[in-house]
């Protein structure tokens, strides 16, 4: 792989913005760029949400601490047992609403199912405000079914990329000189539009009521986020992209092909981290009404998740979820096989795999199935919290943020790091 200097890039396809609808009329900042870090000092974060959850009795192990007995779903992970921690009992305080809670999985925003719900910033975007400028892409939002896990500070969903072919092109394929010139013009046009919009808002801000003022503040926050990206985009347009020894992938349109689709997306995540194209990735996993193409599965995935303790449904559901865990284990092993200085790529990457659903069959949002893997943590254990009085899941996010060397003691409902998940010394 060719070694190159890497900074930050934000692709833009043109900007068209108008003032929001106001009744009265009818943020953290990124740090300045720093010199390229030694590979052994680069920290990363990956957040994965499985929207249909996992069958708890097959996910959570017997026993606590380092001597736990692996559950069926943890068996494929045992080759990297000392590189992950399985966690039971966690939840987000006041996050309910069944499937609606997926919107709050990385934000912790309360009551996502209520009318008028306003989301907050997701942990990846919070981290991007500090470290996003270090890479070509401040963050990547990916989704196998077109659902994004990433939200801006104004609570706006960031569109996700669901096609590996397009993601590969963004990461590794160089455009022509004419295409780069067009891209630069779009960036500059976007900056001009931002200036115009900011001028327009100043003329109306003085006469707004409290509610409209809050709406305008959210709008301006989004504008500032876009401005920040546009200002840095020009630095990357003429810089070469990494060279990888892989042919561009072909998208798999058939959603029933779970194995191939997840493997392909995990391959893209691996390459993005290995080439330091980004250090922050979110992935909303598969899970829909269709029948998954695995031997023994004859019913739709969503219907199986609502098994109602039917043994035949649970048996088929377990085939799907065990495959998910096998593929996740492959990703962990692949990351662990790459050496970066004295540590591995997995040691440099803090990963959370989990779900917004604790019991998908009853749409329950407590006792969430969570695995924390990689990063500079002491792993190889089962952390079992009391589901009736658990710490907030966002405490785990605080631990991840500190792993990224961001000096923060709280995030959303999290007011400290997660008890029992200790950082490695040295």
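We did not get these values from a lab; they are worked out from the coordinates using the rules stated. Since the model is a prediction, treat every value here as computed from it, not as a measurement. In this analysis, Cβ positions are derived from the backbone assuming ideal geometry, glycine residues included, and neighbour counts consider all displayed protein chains.
What FRET efficiency comes out for residue 259 versus residue 419 if R0 is 35 angstrom and r is the Cβ-Cβ distance? Round to the nearest 0.05.
E(calc), rounded to 0.05, equals 0.45.
For the stretch 33-131, which semi-axes, largest first and in whole Å, follow from the square roots of 5 times the eigenvalues of its Cα gyration tensor?
In descending order, the three semi-axes are 28, 26, 10 Å.
Report the gain in length on full extension from residue 244 to residue 289: 0.36 nm times residue separation, minus Cα-Cα distance, nm rounded to one decimal.
Working it through step by step, the gained length comes to 12.6 nm.
For the residue pair residue 67 and residue 81, what label-to-label distance in nm results when each label sits 7 Å from Cα along the Cα-to-beta-carbon direction?
With each label placed 7 Å out from Cα toward Cβ, I get 1.3 nm.
Report the label-to-label distance for residue 299 and residue 378 in nanometres (one decimal), using points 7 Å from each Cα along the Cα→Cβ vector.
Rounded to a tenth, the inter-label distance reads 4.4 nm.
May I ask you to order 400-406, 279-285 by the average number of other C-beta atoms within 10 Å around their residues, highest value first?
Going from most to least packed, we get 279-285, 400-406.
Computed FRET efficiency, Cβ-Cβ of residue 157 and residue 344, R0 30 Å: what is it to the nearest 0.05?
0.35
Between residue 251 and residue 306, what is 0.36 nm times their sequence separation minus the Cα-Cα distance? Round to one decimal in nm.
Separation in residues times 0.36 nm, less the Cα-Cα distance, equals 16.8 nm.
How much length is gained on full extension from residue 326 to residue 41, taking 0.36 nm per residue of separation minus their Cα-Cα distance?
99.7 nm
Based on the Cβ-Cβ distance from residue 389 to residue 169, what FRET efficiency comes out when R0 is 41 Å, to the nearest 0.05?
0.25
Take each of the peptides 321-331, 102-112, average the number of other beta-carbon atoms within 10 Å over its residues, and list them starting from the highest.
102-112, 321-331
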